[in-house]
1. Give the residue, chosen from A:Gly95, A:Gly106, A:Gly58, that is in contact (Cβ under 8 Å) with a residue 24 or more places away in the chain, of a type in the set (Gly, Ala, Ser), within 14 Å of chain B (Cβ to nearest Cβ) and more than 16 Å from A:Cys23 (Cα to Cα).
2. Kindly provide the set of residues from the stretch B:21-37 that are free of Cβ contacts under 8 Å to residues at least 60 places away in the same chain and under 14 Å from B:Leu109 (Cα atoms), ordered by number.
3. Pick out the one residue from A:Val111, A:Val66, A:Val60 that is out of contact with any Cys (no Cβ under 8 Å at 6 or more places or on another chain), at pLDDT below 95 and aliphatic (A, V, I, L, M).
4. Take B:Leu44 and tell me if it is within 11 Å of another protein chain (Cβ to nearest Cβ), out of contact with any Asp or Glu (no Cβ under 8 Å at 6 or more places or on another chain) and surrounded by 13 or more Cβ atoms within 10 Å (Cβ to Cβ).
5. Confirm whether A:Gly16 is surrounded by fewer than 16 Cβ atoms within 10 Å (Cβ to Cβ), outside any strand (DSSP E or B) and within 11 Å of chain B (Cβ to nearest Cβ).
6. What's the number of the only condition in (1) more than 14 Å from chain A (Cβ to nearest Cβ); (2) surrounded by 21 or more Cβ atoms within 10 Å (Cβ to Cβ); (3) in contact (Cβ under 8 Å) with a residue 40 or more places away in the chain that B:Thr68 fails to meet?
7. Given the condition over 27 Å from B:Lys108 (Cα atoms), without any contact (Cβ under 8 Å) to a residue 60 or more places away in the chain, aromatic (Phe, Trp, Tyr) and at the interface with chain B (Cβ under 10 Å from one of its Cβ atoms), answer yes or no: does some residue in the stretch A:31-47 qualify?
8. Please find, within the stretch A:66-89, the residue that is surrounded by the fewest Cβ atoms within 10 Å (Cβ to Cβ) out of those that are in a strand (DSSP E or B) and in contact (Cβ under 8 Å) with a residue 60 or more places away in the chain.
Amino acid sequence: DAGITQSPRHKVTETGTPVTLRCHQTENHRYMYWYRQDPGHGLRLIHYSYGVKDTDKGEVSDGYSVSRSKTEDFLLTLESATSSQTSVYFCASEGGDRFEQYFGPGTRLTVT
Amino acid sequence: AQRVTQPEKLLSVFKGAPVELKCNYSYSGSPELFWYVQYSRQRLQLLLRHISRESIKGFTADLNKGETSFHLKKPFAQEEDSAMYYCALSGRGSGAGSYQLTFGKGTKLSVIP
């Protein structure tokens, strides 16, 4: 599992509140990614990072921001959560074996 | 733009029957293609990639550039193969040598005992 964890694993929050999800990896991987998984949409890339403090937008970045101050941590923030952001969020990292991404266990977020 | 299409949302087969999960892609460069699998309530994991040409758990996939396809096949389905399968294509991202995986919407394989 490449030592990749996510916290929290489950969260219920109210519309309009800020939410931060954490991804932590112990493999010293350079690249990290945040995806959301929704029925009928598969996995869609939200943001990714190609190094400390280096991030870029993915396909569905609106309403999300990220930060990476250390190699091992990649944070996803919903500034003001909306019901459309109810989803399962997966973090992934990619290191020495090019193209193979290792996924975290996922965070199930419900926005009420 | 890169795109991955998995035309079947759900595929049900009987145990012992052959399985083929379809994947078509659109990409202007030389593609790197993968199959990821997600068993119930587990994280996604890489099943196989076309560059390694290996067989994992009895599954194989051949890249057909003419038909822009990367179908996943197994001659005899097992109950433990029931899972969600995602086809993915790796394309260059905008940042410093990064690559992005574009996933299809997934096919849920159900193997009937």
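The values are calculated or read from the model by the stated rules, or taken from the named source; none is laboratory data. Treat the numbers as computed from the prediction; the structure is a model and nothing was measured. Glycine also receives a Cβ, built like all others from the backbone with ideal geometry; neighbour counts cover every protein chain displayed.
1. Only one candidate passes the filter, namely A:Gly58.
2. Correct list: B:Trp35, B:Val37.
3. Result: A:Val60 is the single residue among A:Val111, A:Val66, A:Val60 that is out of contact with any Cys (no Cβ under 8 Å at 6 or more places or on another chain), at pLDDT below 95 and aliphatic (A, V, I, L, M).
4. On the way: within 11 Å of another protein chain (Cβ to nearest Cβ): yes; out of contact with any Asp or Glu (no Cβ under 8 Å at 6 or more places or on another chain): yes; surrounded by 13 or more Cβ atoms within 10 Å (Cβ to Cβ): yes.
Taking the combined requirement at face value, the residue satisfies it.
5. no
6. So B:Thr68 meets the others, but not (2).
7. no
8. To start, the set of residues in the stretch A:66-89 that are in a strand (DSSP E or B) comprises A:66-70, A:73-78, A:87-89.
So of that shortlist, the ones also in contact (Cβ under 8 Å) with a residue 60 or more places away in the chain come out as A:78, A:89.
On the way: A:Leu78: 19, A:Tyr89: 23.
So, considering only residues that are in a strand (DSSP E or B) and in contact (Cβ under 8 Å) with a residue 60 or more places away in the chain, the one surrounded by the fewest Cβ atoms within 10 Å (Cβ to Cβ) is A:Leu78.
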